Each structure stands twice: as C-alpha cells, then as structure tokens.
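First comes the structure, then the notes that go with it.
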Amino acid sequence: MLIKSLQWCSLGIVGIFLLFIVSLALAEEWSQRYIESLPDSAFASIEIIKDGKKIRHLPHHNNVDEVDIFYVKSALGRIHQVKWVDPANFAKAKVHLEQHYLAYKQKRVKAFGLKSTVNINKASDKELMQLPHIGEKRAQNIIEYRKTHGGFKSIGELRRVPGIGPKIFKDIEYLVTVE
C-alpha cells in the first residue's frame, strides 16, 4: 500500500514538473534576435532619430502578423517606460495597443456568449454567475469584496477575492471590466 502511494506521489510530482515545463515553453519570451526579425508592422510605434536610424517600440505582432495578447498586455504595462523621441507618439501607441486589447476582449466576450463585458463593480450576483467558474458562492465573494473595499480599482484585484485563483482569474480577466 505504501509503495502504491509513493508511486502515485512520484507520478504527481512528475506531472506537475512536466506541466511547469510546458507552461514555460508556451509563455516563452521572444528573443532579441526574433524581435529584430519582425517587420515594422509588428510594433506599436516607430520613431526615426536624427541620423535616420529607426527605433521600434513595443512589439506585439508575431512574425506572421498575428496579435499576441501577452505582448499587447506587456506593452501596455511598459509604455510609460519608453523613452520617446516625440512625446506625441506615446498617445498614438497607447491608442493602438488599447484597440488591440479591446478587440481581444470583445472576441472573448462573444466566444462565451455574453452581450458585453461584466462590470464587477455594478453586476448583480446573477450577472456575475454568467462568467465561467463563478457560481453563487464566488459571486457573493465578489460582491462582499467590492462592498468592503469600496469597489474594484482594477481587474487584477479580483485575485484577492476568496475562491478566485490564477486559473479562474485567467479565464475571466478579459470578460470583466471595472468601468
């Protein structure tokens, strides 16, 4: 009996390790060489400096011109760190990235059969329960959290709600809004 338990435990550990390795491979960052090989259209902004050299900012399309949502989110998170040659390009790049992000969210909303994103600051328990993995208990936890904390300031705050772990958050983050 003990040997069988140890075998199952070993299989579980190996399974978790393989899942971790596969997850790393799927979320692998683009190398500098890969980014350099991308066409100009893969970037949110291209600026030309005095000597005529291009500075390409915030890649978010892959080599076959598909939008990579991971890199859109990353670019939006890093946009304030960019040293802009022309500050006006900040606003243009931000609008461009936000349009991609909004289009992705709308696509996800339709895929889940929702009419629109769910406002977690205003939604009833029934509206919240339209979200994947959100039953009565989690809906009540969301409502209780927003009452206690004066509403959600960001979607990321959902991770602090009891019962909403990384998997559930990942499945609903594009389906909700705080606006």
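Among the residues of the range 82-95, are any in contact with a Phe, Trp or Tyr (Cβ under 9 Å, 6 or more places away or on another chain), farther than 30 Å from LYS170 by Cα and surrounded by 13 or more Cβ atoms within 10 Å (Cβ to Cβ)?
Residues of the range 82-95 that are in contact with a Phe, Trp or Tyr (Cβ under 9 Å, 6 or more places away or on another chain), as a first pass: 82, 84, 90, 93.
Narrowing the set further to residues that are farther than 30 Å from LYS170 by Cα leaves 84.
Those left that are additionally surrounded by 13 or more Cβ atoms within 10 Å (Cβ to Cβ): 84.
Checked against the condition, which is being in contact with a Phe, Trp or Tyr (Cβ under 9 Å, 6 or more places away or on another chain), farther than 30 Å from LYS170 by Cα and surrounded by 13 or more Cβ atoms within 10 Å (Cβ to Cβ), the range 82-95 yields at least one hit.
Can you tell me which of SER37, SER45, SER74 is closer than 17 Å to ASN89 by Cβ, in the same structural domain as ALA91 (by TED's automatic domain parsing) and either at pLDDT 95 or above or not aromatic (Phe, Trp, Tyr) (or both)? Don't jump to the end; show me each part of the working.
Values: SER37 fails: closer than 17 Å to ASN89 by Cβ; SER74 fails: closer than 17 Å to ASN89 by Cβ.
Unique residue meeting the criteria: SER45.
When you check LYS167 against the structure, is it more than 20 Å from the chain's Cα centre (by Cα), modelled with pLDDT of 95 or more and either more than 30 Å from LYS50 (Cβ to Cβ) or among the aromatic types (Phe, Trp, Tyr) (or both), yes or no? Steps first, answer last, please.
Details: more than 20 Å from the chain's Cα centre (by Cα): no; modelled with pLDDT of 95 or more: yes; either more than 30 Å from LYS50 (Cβ to Cβ) or among the aromatic types (Phe, Trp, Tyr) (or both): yes.
So LYS167 does not fit the description; no.
The values are calculated or read from the model by the stated rules, or taken from the named source; none is laboratory data. Only a predicted model underlies this, so the values are computations on that prediction, with no experimental measurement involved. Glycine gets a Cβ as well: all are built from the backbone with ideal geometry, and neighbour counts include every protein chain shown.
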